[in-house]
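The values are calculated or read from the model by the stated rules, or taken from the named source; none is laboratory data. It should be emphasised that the depicted structure is a prediction, and the values quoted were computed from it without experimental measurement. Ideal geometry is used to build each Cβ from the backbone, glycine not excepted, and the neighbour counts take in all protein chains shown. To get the accessible areas, we keep the full protein, side chains included, count just its heavy atoms, and leave off ligands, DNA and RNA. Shrake-Rupley method; radii C 1.70, N 1.55, O 1.52, S 1.80 Å.
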Amino acid sequence: MQPSPQVFEAIITDMNEGVIFLDHHHIIRICNPAAETIRKVSADSIVGRSIFDIHPRRAHPKISELLSNLQTEQFPYSHRVIQAQGRVFDNSYSAIRDVNGTFIGTLLISRDVTEQRRLADEVRRLKDVLADQYKDMPLIFD
């Protein structure tokens, strides 16, 4: 049994990860509630617009290169960690193709990893403090 379009819509709507889908012309067609929260945008303000319209001009060359690489199958998948608005995002980009292999768009999945990055930095600092305090004693860190 094939799930209905309503099932797919419910899945995307309820995901904790931000989901943005660009069609083959790089127009934003889907922006789920998690993407709105993570990216601090309204779906109504970006759906129907080009991905280039919502990013500063200085980012256009990198975005263009990424989308071109996905579209031409040079890279079927890409991953980047970016910092914006004082937060850290883990972004993955996937080329979406139909059953014939024709490129139909790009799927962007975003996760706000700011807190995880902060905690990892804090653990690193604490390890450094402990290592400095006990430099004459052998310590093993996992």
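Observations, loosely collected:
- Helix axis angle, 60-71 relative to the chain longest principal axis, alpha carbon, degrees: 70 degrees
- Principal-axis tilt of helix 114-133 within the chain, Cα atoms, nearest 10 degrees: 20 degrees
- Over the chain, the hull volume per residue, using the convex hull of the C-alpha atoms, is 178 Å³.
- Ligands, DNA and RNA left out, the accessible area of the range 18-139 computed with a 1.4 Å probe is 54% carbon and sulfur.
- Area of Ile82 that stays accessible when all protein chains are in place (1.4 Å probe, Å², to 10): 40 Å²
- Helix 5-14 vs. the chain, principal-axis angle (Cα, 0 to 90°, nearest 10): 30 degrees
- Environment charge at Val129 (Cβ cut-off 14 Å; Lys +1, Arg +1, Asp -1, Glu -1): 0
- Packing here is the average count of other Cβ atoms within 10 Å per residue, and on that basis the peptides 62-68, 95-101, highest first, run 62-68, 95-101.
- Counting only residues at least eight positions apart within a chain, or on another chain, the lysines with an alpha carbon under 23 Å from that of Lys40 are Lys62.
- Relative contact order computed over the chain (Cα-Cα under 8 Å; 6+ residues apart), in percent: 20 percent
- Computed over the chain, the per-residue total of -39500 (n - 2.57) for DSSP H runs of n ≥ 4 gives a 222 nm mean residue ellipticity of -11000 deg cm²/dmol, rounded to 500.
- Accessible area per residue for the chain is 70 Å², calculated with a 1.4 Å probe on protein heavy atoms, without ligands, DNA or RNA.
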